[in-house]
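The values are calculated or read from the model by the stated rules, or taken from the named source; none is laboratory data. Given the structure is predicted, the values throughout are model-derived calculations rather than measurements. Here the Cβ positions follow ideal geometry from the backbone for every residue, glycine too, while neighbour counts run over all protein chains shown.
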């Protein structure tokens, strides 16, 4: 089936089955490999993208459910105010260790800051609870979110 999907501000003509996960459209059809495959069951958060600004697991989001929604991936999150702040704080505090989960972490963190500019520890815990880091950089992630929230 043919779909037109708005990804990172540009329309993309996609010809895949409607039940194809957005993750595979991004990676295999469009060559956008910043969004990672982790578990395939929406448990780890590595595949997180924004759909209309909401952090969403792309591994279980079918292409036919997207409609005319706006999809933002890690490739374009730095163009958003919250994404730019998060990316700067991630670099400043050297958050990544192996880096595999970081695109999903950044996507969840930037959605948090976009909706709650001054998050509490509880807000951070809630927003980031679905993102797993095998290297255990959770303390640096929390500090980077707090730093981003303080920055202009």
Original post:
Can you tell me how many residues in the stretch 96-146 are farther than 20 Å from residue 33 by Cα and in a loop (DSSP other than H, G, I, E, B)?
Top reply: 10
Original post:
Quick check: is even one residue across the stretch 70-88 over 30 Å from residue 15 (Cβ atoms), free of Cβ contacts under 8 Å to residues at least 24 places away in the same chain and surrounded by 16 or more Cβ atoms within 10 Å (Cβ to Cβ)?
Top reply: yes
Subject >> From 27, 57, residue being surrounded by fewer than 20 Cβ atoms within 10 Å (Cβ to Cβ), farther than 19 Å from residue 144 by Cβ and out of contact with any helix residue (DSSP H, G or I) (no Cβ under 8 Å at 6 or more places or on another chain) >> reply: 27
Original post:
On the given criteria, is residue 34 assigned by TED's automatic domain parsing to the domain that holds residue 118, at pLDDT 95 or above and either within 30 Å of residue 150 (Cβ to Cβ) or surrounded by fewer than 17 Cβ atoms within 10 Å (Cβ to Cβ) (or both)?
Top reply: no
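Can you confirm whether residue 74 is assigned to a loop (DSSP other than H, G, I, E, B), modelled with pLDDT of 95 or more, in contact with a helix residue (DSSP H, G or I) (Cβ under 8 Å, 6 or more places away or on another chain) and closer than 23 Å to residue 152 by Cα? Don't jump to the end; show me each part of the working.
Values: assigned to a loop (DSSP other than H, G, I, E, B): yes; modelled with pLDDT of 95 or more: yes; in contact with a helix residue (DSSP H, G or I) (Cβ under 8 Å, 6 or more places away or on another chain): yes; closer than 23 Å to residue 152 by Cα: yes.
In short, yes.
Does residue 64 fit the bill of being assigned to a helix (DSSP H, G or I), outside the structural domain of residue 113 (by TED's automatic domain parsing), in contact with a strand residue (DSSP E or B) (Cβ under 8 Å, 6 or more places away or on another chain) and over 23 Å from residue 146 (Cβ atoms)?
Working: assigned to a helix (DSSP H, G or I): yes; outside the structural domain of residue 113 (by TED's automatic domain parsing): yes; in contact with a strand residue (DSSP E or B) (Cβ under 8 Å, 6 or more places away or on another chain): yes; over 23 Å from residue 146 (Cβ atoms): yes.
Here the answer is yes, as residue 64 does meet what is asked.
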Original post:
Is it the case that the stretch 96-104 has a residue that's under 13 Å from residue 131 (Cβ atoms), touching a strand residue (DSSP E or B) at 6+ places or on another chain (Cβ under 9 Å) and crowded, with 17+ Cβ neighbours inside 10 Å?
Top reply: yes
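Would you say residue 18 is in contact with a helix residue (DSSP H, G or I) (Cβ under 8 Å, 6 or more places away or on another chain), farther than 28 Å from residue 132 by Cβ and either outside any strand (DSSP E or B) or without any contact (Cβ under 8 Å) to a residue 40 or more places away in the chain (or both)?
Numbers: in contact with a helix residue (DSSP H, G or I) (Cβ under 8 Å, 6 or more places away or on another chain): yes; farther than 28 Å from residue 132 by Cβ: yes; either outside any strand (DSSP E or B) or without any contact (Cβ under 8 Å) to a residue 40 or more places away in the chain (or both): yes.
Answer is yes for this residue.
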Subject >> Check on residue 114, modelled with pLDDT of 95 or more and either surrounded by fewer than 23 Cβ atoms within 10 Å (Cβ to Cβ) or under 12 Å from the mean Cα position of the chain (by Cα) (or both) >> reply: yes
